[in-house]
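The values are calculated or read from the model by the stated rules, or taken from the named source; none is laboratory data. What you see is a predicted model, and the numbers here were worked out from it, not measured in a lab. Cβ placement follows ideal geometry from the backbone for every residue including glycine, while neighbour counts extend to all protein chains displayed.
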Amino acid sequence: SIRTALRLGTSRRGAAGSRSDALAQTIDAIDTWTVETGGVLRQEPLARLGFILYFAVLHLWCFALVAFHTAEVPHGDFGSMGSNPRNWREHGV
């Protein structure tokens with residue numbers, strides 16, 4: 001399990017309800033859930049297909065957000081004379 005790989009056994013210093021024990025139990029619960037979910041995906045072809053389609057749609061949606069919803073920066077005056085090279089040439093800076 002992940003708990004043994006990370007060496008999160010029972011605490012030797014404090015009481016049984018310490019933070020490291022709570023963290024280890026949480027990690028064990030997540031690890032158990034992922035193993036069970038993997039077993040379901042291994043045995044159910046339609047679940048695998050749904051999982052793959054979900055990830056494909058999620059990635060396409062993220063691509064569309066980045067590709068179509070990022071603001072294009074127009075070329076031109078961005079404000080202050082000190083940071084715009086066009087104004088440097090026009091005003092001899």
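Here is the figure for the stretch 33-74: residues that are in contact with a helix residue (DSSP H, G or I) (Cβ under 8 Å, 6 or more places away or on another chain) and more than 24 Å from Ile2 (Cβ to Cβ) total 0.
In this structure, Gly50 qualifies as at pLDDT 80 or above and of a type outside the set (Val, Ile, Thr).
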